[in-house]
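The values are calculated or read from the model by the stated rules, or taken from the named source; none is laboratory data. All of these numbers come straight from a predicted model, not from anything done at the bench. Neighbour counts are summed over all protein chains in view; Cβ atoms, including those assigned to glycine, are modelled from backbone coordinates with ideal geometry. Ligands, DNA and RNA are excluded from the accessible area calculation, which covers all protein heavy atoms including side chains. Shrake-Rupley method; radii C 1.70, N 1.55, O 1.52, S 1.80 Å.
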Amino acid sequence: MGWAARVVVRSKAHRMNSEIHCEVIGSLLRPAHLVEARQRHESGELDSHEFKRIEDQAVQQAIRLQEDAGIDVITDGEQRRYAFYGHLIESFDGFDKQGGWAIPFRDETGEELVLRRPVVVERLRWRRSMCAEEWTFVRAEAKGRAKVTMLSAQQAAAYYDPEKSRGAYNTRDAYLADIVDISRREVEELVRLGCTYIQIDGPQYGALLDSKMREGYRQRGSDPEQLIDRCIEMDNAIIEGHPGVTFGLHICRGNNQSKFYAEGDYEPIARIFERTLFGRFLLEYDDARSGGFDPLRHLPEDRVAVLGLVTTKKPGLETDDELRARIKQATRYVPLERLAISPQCGFASTLEGNRISPEQQRQKLELVGRVARSVW
């Protein structure tokens, strides 16, 4: 591709980036009948043909829900995944689905639950594309812009256990080399299939901004600053070299059945704004755990901050005026034309979903769309 052509495709990506002022993060609540169908399919009671029919219908409903709410760029609601990382785990042989170390989630009341993470126990073997089915379906069904979500390499790093994984990969780095390779190949396939917006989910960055979790890394012999640099290096290795494609990075502090695992502002990891190749940063800003907007001063002039102002964890509905006031606060650090809004995370990062109703989810999506139209 010649220099002039590269300028054209870059300008198209920049224009699309600046025109998107509201979006969702990824997942929407799964209908109860879809959850039941998945369970029956996994037990062998429901054949694949019927399961896919039910699954397709759920995706169509998720798309219409977002379009009716006026969302600028949509996803398939991650209806085909059992968790936000399910596309990785179910597309490769080699993972034990729930055999990894447990991570505690909590809420403001002190209530906790524990999530068993996957763990790699055999050398990864390709089974199918991670996101091609999701993308091609939403591409055909959506009336406007759409995107697909992928797991970051640094989040996949959490699925390596020094004892359980050693038989498959001698070191974490050897495992991550495979993760980076398969992730980049997936990006290339999505681009070939016409995808122009890919979101990378990196909640592990949330652990690297939390002071207590940073200290935990140090006690286990890892330098949080070196980990941040390593994460940036892997992210860039996966997404670089795709002119005309918008890449977004989503960072949250944990999202599982209305609970979280980290807190703190973005300052300790703010160099990701300056050193990664992402055009959009989808950030959690729904409550005091997220800190203020001051770290956004690090955002380069050609990047967009998507403010996750609407919570997916609680049923209470924010007001239009409240969101407009917070957007105005953010313009102290980033011009309005380089801002957008969204929910702070998915509504159902895991199959169980957050503790809100489908009606409350609809109201929150409509709020996001309505405020975006009134502000921009």
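Numbers at a glance
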quantity: Charge dipole magnitude, Cβ of K and R +1, D and E -1 - segment 276-376, Cα centre, debye nearest 20; calculated: 60
quantity: Length-normalised contact order for segment 122-176 - Cα pairs under 8 Å, 6+ apart - percent; calculated: 40
quantity: Scattering curve values for the chain, log₁₀ I(q)/I(0), Debye with Cα scatterers, q = 0.07, 0.09 Å⁻¹; calculated: -0.28, -0.48
quantity: Segment 313-376: relative contact order as a whole-number percent, Cα under 8 Å and 6+ apart; calculated: 52
quantity: Estimated inter-spin distance, R355 and T319, nm [label 7 Å along Cα→Cβ]; calculated: 2.6
quantity: Stokes-Einstein D (µm²/s) once Rh is taken as the Kirkwood radius of segment 190-327 over alpha-carbon pairs, at 25 °C in 0.890 mPa s; calculated: 152
quantity: Paired Rg and Dmax values of segment 273-376, which use every Cα atom, in angstrom; calculated: 13.9, 40
quantity: Accessible surface of the chain, 1.4 Å probe, proportion on carbon and sulfur as whole %; calculated: 49
quantity: Dipole axis of the chain (+1 Lys, Arg; -1 Asp, Glu on Cβ), positive-most option in I341, G244, L208; calculated: G244
quantity: Dipole axis of segment 27-156 (+1 Lys, Arg; -1 Asp, Glu on Cβ), positive-most option in S91, A37, I54; calculated: S91
quantity: Rotationally averaged projected area of segment 268-334 (alpha carbon convex hull; nm²); calculated: 4.8
quantity: Dipole magnitude (debye, nearest 20) for the chain, charges at Cβ of Lys, Arg, Asp, Glu; calculated: 500
quantity: Accessible surface, the chain, averaged per residue in Å² (probe 1.4 Å); calculated: 42
quantity: Kyte-Doolittle at least 0.0, axis length at least 18 Å by Cα - qualifying DSSP helices, the chain; calculated: 224-239
quantity: Centre separation in Å (Cα based) which lies between segment 262-301 and segment 71-98; calculated: 25
quantity: Amide H partners (placed H, <5 Å) of Y197, local residues excluded; calculated: V148, T246
quantity: For the chain, calculated [θ]222 nm from helices alone, where every DSSP H run of n ≥ 4 adds -39500 (n - 2.57); calculated: -12500 deg cm²/dmol
quantity: Long pairs among K147/K313; K97/K147; K97/K314; K313/K364, criterion Cα-Cα beyond 19 Å; calculated: K147/K313; K97/K147; K97/K314
quantity: Packing-based order for 213-220, 52-59, using average beta carbon neighbours within 10 Å, highest first; calculated: 52-59, 213-220
